[in-house]
1. Under the Kirkwood approximation applied to all pairs of distinct alpha-carbon atoms, what is the hydrodynamic radius of region B:4-104 in Å?
2. Please compute, for peptide A:445-453, the average count of beta-carbon atoms on other protein chains lying within 10 Å of each residue's beta-carbon.
3. With +1 on the Cβ of every Lys and Arg and -1 on the Cβ of every Asp and Glu, and nothing else charged, how large is the dipole of region A:1-96 about its Cα centre, in debye rounded to the nearest 20?
4. Count the lysine pairs in chain B whose Cα atoms sit under 24 Å apart, keeping only pairs 8 or more residues apart in sequence or on different chains.
5. List the lysines whose Cα lies under 23 Å from the Cα of A:Lys473, skipping any in the same chain that are fewer than 8 positions away.
6. For region A:373-382, in order, what is each residue's ³J(HN,Hα) by Karplus, 6.51 cos²θ - 1.76 cosθ + 1.60 with θ = phi - 60°, in whole Hz (x at glycine and Pro)?
7. Where q = 0.06, 0.07 Å⁻¹, what log10 of I(q)/I(0) comes from the Debye formula for the protein assembly as shown, counting one point per Cα?
8. Could you work out the relative contact order of chain A, using alpha carbon pairs under 8 angstrom and six or more residues apart, expressed as a whole percent?
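Values in this text are rule-based calculations from the coordinates and carry no lab data. If you're wondering where the values come from, they're calculated on a predicted model, not measured in any experiment. Note: ideal-geometry Cβ built from the backbone for every residue, glycine included; neighbour counts use all protein chains shown.
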Amino acid sequence: MNAWHDVIIVGGGGAGLRAAIAVAETDPSLSVAVVSKVYPMRSHTVSAEGGAAGAIRSDDSLDEHAYDTVSGGDWLCDQDAVEAFVVEAPRELLRLEHWGCPWSREADGHIAVRPFGGMKKMRTWFAADKTGFHLLHTLFQTSLKYPSITRYDEWQVTRLLVDEGRVCGVVALELMSGRIEAITGKAVILATGGCGRIFPFTTNAAIKTGDGMALAYWAGAALKDMEFVQYHPTGLPFTGILITEAARAEGGWLLNKDGYRYLQDYNLGKPEPGPVLRSMELGPRDRLSQAFVHEVEKGRTIDSPYGPVVHLDLRHLGAKVIDSKLPFVRELCHKYENIDPVHELVPVRPVVHYMMGGVHTDIHGATGLPGLYAAGEVACVSINGANRLGSNSLPELLVFGARAGQAAALYAVDAAPPPAAVEAQAADEARRLERDLLGRGAGRERISTIRSQMQSIMEDAAGIYRDGDTLAKAADKLRELRERAASATIDDASRTFNTELTAALELTAMIDLAETMVHSALHREESRGAHQRTDFPARDDERFLAHSMAYREPAGSPRIEHLPVTITRWPPGERVYGR
Amino acid sequence: MPDQITMRVARYRPEQEDTPTFDEYDVPLRKDWAVLDGLNYIKDELDGTLSYRWSCRMGICGSCGATVNGEPKLTCATFLTDYAPGPVRIEPLANFPIIRDLVVELTDFMHKLGKVRPWIIRDEEQTVEEGEYLQTPAELEEYKQFSMCINCMLCYSACPVYGLDPEFLGPAAIALAQRYNLDSRDEGADERLTVLSQPEGVWGCTYVGECSRACPKGVDPAGAIQRYKLTAATAAVKSLLMPWGRR
């Protein structure tokens, strides 16, 4: 049985479901497939906590949201994309409201908003501190009412089918049965999210292995700005569980071992008792995570079994605020650290959280390959530039999920059906999975050994601060790891729910993406946003007001090109916080 | 505290064996290790063939439910030290067909979820230009609890009725229907009544209450079901008294 649909969506999180609904609403006669390696409600959108930005207050404006986003991104954002984004974000959030999202409310019944890092106005909509969870479940439940959407739950896509540069389907493995099938179609939308699992310490769920980015890269699409990796300043030690920025937006402080609000030493403003927008603890994530590194160097952090930490102090907020605005923070601290933030300090450290980079798309979600679209964290459109602002990613996946869905639907109406030639590609891929992977058996080393080495190479070379020598060495080591991964042990030869096979596939994807990150970082000889080079400490607009574009070379390693940034109304300027 | 604990993990490989067996593994016993960390240690260091689901490891994605020493638990939010000195027994969730090792089949639940029409139903939909539907914090509070379900299936595993009668709609699906029925923006309660008031709907529940005890997120499906029985009964009486009228 080979399946056929007009539009195939890979990934069932926020972007994928929003895209599916957009296709269904654009043309109900189009058949839509949502192919996801997990049940949609397990997708990592579920873990987003703090909120979703969209200007709605009378004292706010679209231009201010755009300026905060562009300056927060250190001018690497494409401003045409940002302008479309800020217009459509509030509309999308309202649509979610109409679909039932339980947004937190003001006493009069209107939507409530909260402050957020790097935002000059209060514009972050929230559903307590489980915003992503509610957004995902609302989208998933709403998607059930569209008969044209067919789901392939727990199907892992392993290859895109490409005919003369045109994408016309996928090959996927059904985990429950082990069946390997071609699902052909006119358009494919990638919505698989990020790849935080390339690093050892991350907020990202186990499934965030960059599958969609790798699928696009292997098919010949460009990966854009892969060197820009966001460290969130407040993760719990050991687990890496995220403590939302909303904790600081509600008034939380970051303290070093002397109980001192150290951010005042890093050009982020003066400490005030209450939260001040675009200042101190409400500065952007890149600057806060960098400040942490300097505190470590000064010996002003606290030692923990899992390395140096600082303290997040929420005690002065009191139980009432914490329980109404940050109940999940309290629950997570209690469960995973055995502490109560109402009475105790929360140990935190920077943690890999988000990929600004991803599959290069235009403002309609179209990649360079006909028939291939991408939206959400897997894509780089780019509204996030060199550093994403907190609460911009949820509206991004709605706005660009919807846009990609609409664009793919219009494309699918006119596109020719996939040529029969792709059947042969599907057969090749099935053979590869069966013979090279399922038939491999004992290899030289375990998958987990290679994965751990990749993670530690990336933490050392592509962390908060980088330098040319370390990056160059990392590039060599990753090339070697790629070869070793091809002969790692796969003891499990079963067809049924074989998670060793899927781990091997994910590892291959992650190593290739790690290489694009390291090569892109090596080429960018400047410091901008989340990419800080100790050997090139200044921003260099002359040479690098441009996106890095990574293409896969036949030998396997990437080739890096540059693409100018689109500037519409905000010429490059200084990033000013706290004054 | 000993520095190791034995995990007795249920194995079922349909190509190899007809019924589940157990394998034993010794894993480090560390203060902050969840049961899931123990499973990951086995997978990474001892036996790559063990299959189980997990993802967020922070108790929100609902993937990692299993039966731990006889009780349905999220393995990411249940800690090994609570079972020291061990051994601790890990089995798949009860009441579901087993696919492989700790992985159970959820097809039946996914089908039931759609049956209760879990989306906002309105006679007239407002446009985006008209802004939001107003909803006061008190109105939000009415249904909020039932919107917290993570679909982890612990309640189905705990439910003796579902164990005996797989046709029973079950706790999470009924609680989700109530989540929409109680939402001030929704007008779809009549449409959901036909599904909920069937024998395998709310009337299947014998109010054992195990579902609410098993829920890791503080949802009270048993309460939702009891409350809905009153609604369904009232509707039934009304339709007898006023067969020509709207319910």
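1. 13.4 Å
2. Averaged over the peptide's residues, the number is 2.
3. Details: 6 positive and 15 negative charges, 151 e Å.
My answer is approximately 720 debye.
4. 17
5. Within reach: A:Lys224.
6. 3J(HN,Hα) across region A:373-382, in whole Hz: 10, 8, 7, x, 5, 5, 9, 9, 8, 10.
7. -0.35, -0.49
8. Across chain A, relative contact order equals 22 percent.
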